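Worksheet: one structure, shown below.
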Amino acid sequence: MPSGWAGHDDNPSSDEYIGRSLEGTRAGLGAARRSARSIMRRTGPIAMVFHACVTVFMLAPLVIVCLVAFTPENTLSVPWKSFSLRWFHAVFEHSDLMQSFWNSLGVATLAATLAVLFAVPAGIAIARHEFPGRQALNGLLLSPLIVPHLVLGVAMLRLFALFGARGSALWLTLAHVVIITPYALRLVVAALAGLDRSAEQAALSLGASHWTVFRRITLPLMLPGITGGWMLAFINSFDEVTMSIFITSPQTVTLPVRMYMIATESIDPMMAAVSALMVAVTAVAMIVLDRLYGLDKILVGQH
Amino acid sequence: MSFLILEGVSKYYGDFGALIDMNLSVERGEFISLLGPSGCGKTTTLQAIAGLTPVTRGRMTLDGRDITHLPVNQRGLGIVFQSYALFPHMTVAENVSFGLEMRKMPKHERDTQIAQMLKLVHLDAHAQRYPRELSGGQRQRVAIARALVIAPPVLLLDEPLSNLDAKLREEMQFELRRIQRKVGTTTIMVTHDQAEALSISDRVVVMEAGRATQIDAPYRLYEHPKTEFISGFVGKTNLLPGRVSRSASGSAVVLAQGQRLTVDAGEFADGASVTVCLRPEKLFFTEAANGTLAGHIEERFFLGSQWLYRVSSDLGELELSCANDGSAPVEEHASVHLAWADDVARLVAPQP
Amino acid sequence: MSKATNTASRWTPFALSLPSLALFALMVLLPLALTTLLSFQQYDQDKGVQSGFTLASYALVLGDSYYYEIFFRTGWIAALTTLICVLVGAPEAYILSRMGKPWRSIFLLVILAPLLVSVVVRAFGWSLLLGPNGIVNQVFQWLGIGQVKMLYTPTAVVVALVHVMLPFMVIPVWTSLQKLDPMVENAALSLNASQFTVMRRIVLPQITPGLLSGSLIVFGLSASALAIPGLLGGRRLKMVATLIYDEYLHELNWPLGAAIALALLVINLVVMLSYNAVLEGAYAKRMGRS
């Protein structure tokens with residue numbers, strides 16, 4: 001039977017998930033040898049070559065960036081002979097860059113937290129209640145996924161001009177909140193949809209008040225979804241550049257915007273070093289996300 | 001005075017009656033089963049008693065108290081859900097502890113109660129495990145423990161055995177009964193499995209299309225079904241349409257082909273249409289004689305403890321079962337003669 | 001047992017949604033409304049933005065060949081990116097779905113993980129690869145093709161866009177593929193269909209909604225991309241996004257920038273709605289609501 005056919009359970013409960021991730025790793029290591037042969041059996045060699053090319057294509061820019069970051073030369077070159085950390089030092093000594101890093105970190109952390117705080121009640125309303133305007137609300141809260149960040153950027157710029165908000169970190173954060181809330185919302189709604197309602201009914205029947213049920217049953221079971229949502233929101237805020245270019249001011253410049261500015265003026269391996277660091281941060285975030293929730297589940301979504 | 005009383009309880013969804021005019025009195029300590037096919041209203045009844053569904057009409061009284069409009073978290077009933085509904089993020093002990101925490105019981109008392117209850121359901125070794133680490137049967141016992149530890153006035157079970165495999169189901173039936181007898185809690189169980197209902201209940205409520213059609217002890221229900229449907233639903237049966245014929249010498253039923261069956265026609269009037277119900281185990285093979293029925297074995301099934309025969313005869317196709325007592329069974333395609341005792345035939349009104 | 005009685009009040013959902021509604025009204029609806037108004041305002045070279053209603057900005061956008069050229073370029077680059085993503089992404093998703101257990105998750109991650117890396121980093125990576133002394137050119141020289149100018153041409157922009165957009169195509173197609181019953185393919189094979197026929201007549205029709213959905217997303221994102229054309233297209237290769245950037249931050253002609261942005265938004269929405277209509281019509285009937 002083809003292994004893709006999982007059959008019944010599309011939405012395992014959260015605790016099953018943690019168990020499954022660990023299982024998967026163990027099973028994966030064990031089955032690696034068998035699977036190499038099984039890949040060949042299932043798909044022809046042409047397909048394998050094609051797949052290899054796609055894989056190389058997807059990883060190439062990230063790999064090259066990480067390699068060039070270690071070059072001892074003054075120019076962009078691949079370090080064939082020796083490695084050096086000089087450009088990383090340069091990064092940490094570059095005050096503008098470091099300031100931008102802290103800006104990004106601060107904005108992303110605050111924005112992700114706010115996004116989750118907004119998304120959880122809205123998610124509960126959308127997932128659990130029937131009310132007029134529910135579809136419209138859902139559409140509105142997911143709209144930043146459809147409206148180009150470019151358009152949102154200029155629109156925010158206009159808004160900021162109206163409120164004199166250009167240099168304000170808080171307004172920048174709010175703008176980020178709006179952009180990343182859809183990610184948090186989707187995961188919160190999915191977590192609620194996958195929750196076993198009868199556990200809540202059982203708690204009620206045992207004498208719990210509605211608030212106790214929420215606090216001790218619903219929320220803990222939603223937690224992986226909420227945490228996954230936070231992390232995904234964080235990453236998206238940290239990476240965001242298109243909208244941020246328009247609304248950052250010299251005091252609030254975020255890291256990707258700073259990198260864009262540097263890249264359009266002068267390019268040296270320091271840019272590669274920063275990029276390598278960003279890839280490392282992303283890799284860590286990915287591992288944490290996978291442990292918590294299952295990375296493929298988050299990226300592919302619960303359609 | 002009955003412990004739990006349902007008076008005229010009904011639940012309508014628009015014009016559709018999921019439960020119509022349920023009247024039931026349950027004694028303290030009784031084990032009642034609500035039995036019927038899907039859609040008969042048995043689950044609706046349970047939900048109404050639990051407080052998970054508001055009733056449209058009627059009254060429910062528990063130990064003298066009117067609970068009709070009480071919300072579910074104030075009724076204090078013990079509920080075992082079909083999916084068990086265990087709290088996946090809590091251990092077995094924490095699951096069982098939850099209801100006691102809601103009742104503000106101090107910790108040392110809670111621990112004692114939990115230990116006792118887990119011992120009762122044979123799960124004391126698994127107290128620190130999580131539901132995902134347990135088998136289906138174990139999870140079910142956790143659900144029972146959690147519902148019983150709060151010493152509820154009534155225990156409600158929603159198809160508790162339907163998720164278990166056949167062998168486990170049988171074991172758990174008796175386990176359930178043992179626990180219930182030991183603790184003495186009034187229990188109401190919903191099931192679609194008639195064997196289950198008959199084996200462990202004190203009384204069975206058979207339901208059809210939202211109404212209770214017969215409420216009786218299992219033996220009485222089986223031996224004296226009130227309708228054709230119940231006769232066929234609870235156990236197997238042979239159904240023979242006919243007409244009552246009363247005369248000075250007694251009553252009889254004239255069957256389709258003109259055969260006469262001597263049978264007590266009870267309250268049926270002369271000439272009334274009836275259906276005769278004959279249970280397969282009440283028929284037996286015999287030598288040809290006056291009053292026996294000639295037949296031909298069409299098919300034979302071996303069921304382990306029984307042999308089931310399909311016999312074609314002048315009365316139509318009949319099912320006959322006899323115990324597997326070690327003697328040789330009758331061959332397929334053999335010619336046989338059937339008979340039964342006069343008082344085993346039951347008369348019911350024909351199904352409209 | 002089914003749903004619990006909803007003893008919460010009728011106002012609960014409204015109370016729960018109010019905070020987000022307020023935030024989005026302030027940060028999405030209001031800015032878009034302001035921008036729409038802005039696009040109708042007059043702009044004076046010396047005095048800046050004036051009040052007063054005018055369609056001058058739109059006239060410029062729709063009439064002037066400079067802008068038309070940029071829209072056209074953006075359009076064909078986005079379309080080409082979408083096409084390549086379909087041709088590469090769909091087969092890749094299919095190959096992934098046929099893989100054995102541990103590899104499937106690993107490679108899915110490899111394809112999708114770049115989504116979590118900032119587009120600036122990825123664009124920069126491509127500028128390294130496609131530069132005059134980059135790896136690709138070194139390979140070309142080794143092969144005897146000689147140096148090819150890729151950086152600051154549409155080629156670089158398309159390549160980088162495909163890199164960024166590919167996951168957005170793989171995800172919906174992958175999702176569609178997950179819904180396929182592999183036994184159906186086996187049934188077709190048992191009825192003597194060739195592998196190719198199975199692809200064409202069984203698999204393809206069922207993943208078409210995923211393809212359409214993915215194409216929509218890819219086209220929309222490509223048309224509004226800023227960092228990639230900015231870093232890899234150079235000053236002369238303007239696309240809509242870099243154009244808007246210029247108008248807002250260099251020319252300071254905000255009304256014009258607003259008009260272009262809104263034109264982009266409208267085009268996006270129109271394309272999306274028409275595709276949705278196609279989806280609803282053709283596929284809902286045949287495949288049921290997916």
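The values are calculated or read from the model by the stated rules, or taken from the named source; none is laboratory data. Bear in mind that the values here come from a model prediction, so they are computed numbers and not experimental data. Methodologically, a virtual Cβ is constructed for each residue, glycine included, from the backbone with ideal geometry; neighbour enumeration extends over all protein chains shown.
Some values worked out for this structure:
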quantity	calculated
Residues (among the polar types (S, T, N, Q) and at pLDDT 85 or above) located in the stretch C:244-290	C:Asn253, C:Asn268
Residue within the stretch B:343-351 that is assigned to a loop (DSSP other than H, G, I, E, B), within 24 Å of B:Val263 (Cβ to Cβ) and in contact with a helix residue (DSSP H, G or I) (Cβ under 6 Å, 6 or more places away or on another chain) present	yes
Helices (runs of 4 or more DSSP H) enclosed by the stretch C:26-115 - at least 2 residues per element that are within 11 Å of another protein chain (Cβ to nearest Cβ) and surrounded by fewer than 21 Cβ atoms within 10 Å (Cβ to Cβ)	C:30-39, C:65-97, C:101-112
Matching residues in the stretch A:56-74 - criterion: being touching a residue at least 60 places away in the same chain (Cβ under 8 Å) and facing chain C (nearest Cβ under 7 Å)	A:Leu62, A:Val65, A:Val68
Residue within the stretch A:203-211 that is more than 7 Å from every other protein chain (Cβ to nearest Cβ) and within 21 Å of A:Ala115 (Cα to Cα) present	no
Which listed residue, of B:Pro88, B:Pro160, is touching a residue at least 40 places away in the same chain (Cβ under 8 Å), touching a Pro at 6+ places or on another chain (Cβ under 6 Å) and crowded, with 18+ Cβ neighbours inside 10 Å	B:Pro88
The listed residue being hydrophobic (A, V, I, L, M, F, W, C) and at pLDDT 90 or above, out of C:Val170, C:Val203	C:Val170
Yes/no for A:Ile226 being within 23 Å of the chain's Cα centre (by Cα), within 14 Å of chain B (Cβ to nearest Cβ) and within 30 Å of A:Ala280 (Cα to Cα)	yes
Residue in the stretch C:145-167 that is facing another protein chain (nearest Cβ under 8 Å), free of Cβ contacts under 8 Å to residues at least 60 places away in the same chain and crowded, with 21+ Cβ neighbours inside 10 Å present	yes
Some residue of the stretch B:80-92 being within 30 Å of B:Gly136 (Cβ to Cβ), modelled with pLDDT of 95 or more and in a helix (DSSP H, G or I)	yes
Leading residue by the ranking (surrounded by the most Cβ atoms within 10 Å (Cβ to Cβ)) among those in the stretch C:123-133 that are of a type outside the set (Phe, Trp, Tyr) and in a helix (DSSP H, G or I)	C:Ala123
Unique match (being at pLDDT 85 or above, within 7 Å of another protein chain (Cβ to nearest Cβ) and not in a loop (DSSP other than H, G, I, E, B)) among A:Ala52, A:Ala47, A:Ala90	A:Ala47
Matching entry among C:Trp142, C:Trp174, C:Trp126 (being within 8 Å of another protein chain (Cβ to nearest Cβ), of a type in the set (Phe, Trp, Tyr) and under 24 Å from A:Thr75 (Cβ atoms))	C:Trp126
The stretch B:117-146: number of residues that are more than 14 Å from chain A (Cβ to nearest Cβ) and in a helix (DSSP H, G or I)	10
Residue check for B:Val344: among the β-branched types (Val, Ile, Thr), in the same structural domain as B:Ser251 (by TED's automatic domain parsing), under 24 Å from B:Phe229 (Cβ atoms) and in contact (Cβ under 8 Å) with a residue 24 or more places away in the chain	yes
In the stretch A:127-147, the residues that are at the interface with another protein chain (Cβ under 8 Å from one of its Cβ atoms), closer than 30 Å to C:Leu243 by Cα and free of Cβ contacts under 8 Å to residues at least 40 places away in the same chain	A:Leu140, A:Ser143, A:Pro144, A:Ile146, A:Val147
Failed item, numbered, when C:Val120 is tested on (1) crowded, with 19+ Cβ neighbours inside 10 Å; (2) farther than 20 Å from A:Thr264 by Cα; (3) of a type outside the set (Lys, Arg)	(2)
Any hit, the stretch B:67-77, residues being at pLDDT below 95, in a strand (DSSP E or B) and either assigned by TED's automatic domain parsing to the domain that holds B:Gln116 or surrounded by 15 or more Cβ atoms within 10 Å (Cβ to Cβ) (or both)	no
Residue satisfying condition, being at the interface with chain C (Cβ under 10 Å from one of its Cβ atoms), in contact (Cβ under 8 Å) with a residue 60 or more places away in the chain and under 18 Å from the mean Cα position of the chain (by Cα), within set A:Phe118, A:Phe101, A:Phe160	A:Phe118
Every pair of residues 6+ apart whose Cβ atoms lie under 8 Å, when the first sits in the stretch B:275-287 and is among the hydrophobic types (A, V, I, L, M, F, W, C) while the second is surrounded by fewer than 19 Cβ atoms within 10 Å (Cβ to Cβ) and in a helix (DSSP H, G or I)	B:Leu278/B:Val344
Number of the exception - A:Phe88 against (1) under 28 Å from A:Pro220 (Cα atoms); (2) touching a Leu at 6+ places or on another chain (Cβ under 8 Å); (3) surrounded by fewer than 21 Cβ atoms within 10 Å (Cβ to Cβ)	(1)
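This table checks each residue for (1) in contact (Cβ under 8 Å) with a residue 24 or more places away in the chain; (2) surrounded by fewer than 18 Cβ atoms within 10 Å (Cβ to Cβ); (3) within 8 Å of chain A (Cβ to nearest Cβ); (4) assigned to a loop (DSSP other than H, G, I, E, B).
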| position | (1), (2), (3), (4) |
| --- | --- |
| B:Leu34 | yes, no, no, no |
| B:Cys40 | yes, no, no, yes |
| B:Ala48 | yes, no, no, no |
| B:Val96 | yes, no, no, no |
| B:Glu109 | no, yes, no, no |
| B:Ala115 | no, yes, no, no |
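Residues checked against (1) more than 29 Å from B:Pro225 (Cα to Cα); (2) of a type in the set (Val, Ile, Thr):
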{"residue": "B:Arg28", "(1), (2)": "no, no"}
{"residue": "B:Leu52", "(1), (2)": "yes, no"}
{"residue": "B:Thr56", "(1), (2)": "yes, yes"}
{"residue": "B:Pro88", "(1), (2)": "yes, no"}
{"residue": "B:Thr91", "(1), (2)": "yes, yes"}
{"residue": "B:Leu100", "(1), (2)": "yes, no"}
{"residue": "B:Arg103", "(1), (2)": "yes, no"}
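Results for (1) surrounded by 13 or more Cβ atoms within 10 Å (Cβ to Cβ); (2) in contact with a strand residue (DSSP E or B) (Cβ under 8 Å, 6 or more places away or on another chain); (3) closer than 18 Å to B:Ala256 by Cα; (4) not assigned by TED's automatic domain parsing to the domain that holds B:Val254, shown as yes or no for each residue.
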position: B:Lys282; (1), (2), (3), (4): yes, no, no, no
position: B:Phe301; (1), (2), (3), (4): no, yes, no, no
position: B:Gln306; (1), (2), (3), (4): yes, yes, no, no
position: B:Asp314; (1), (2), (3), (4): no, yes, yes, no
position: B:Glu317; (1), (2), (3), (4): no, yes, yes, no
position: B:Gly326; (1), (2), (3), (4): no, no, no, no
position: B:Pro329; (1), (2), (3), (4): yes, yes, no, no
position: B:Ala334; (1), (2), (3), (4): yes, yes, no, no
position: B:Trp340; (1), (2), (3), (4): yes, yes, no, no
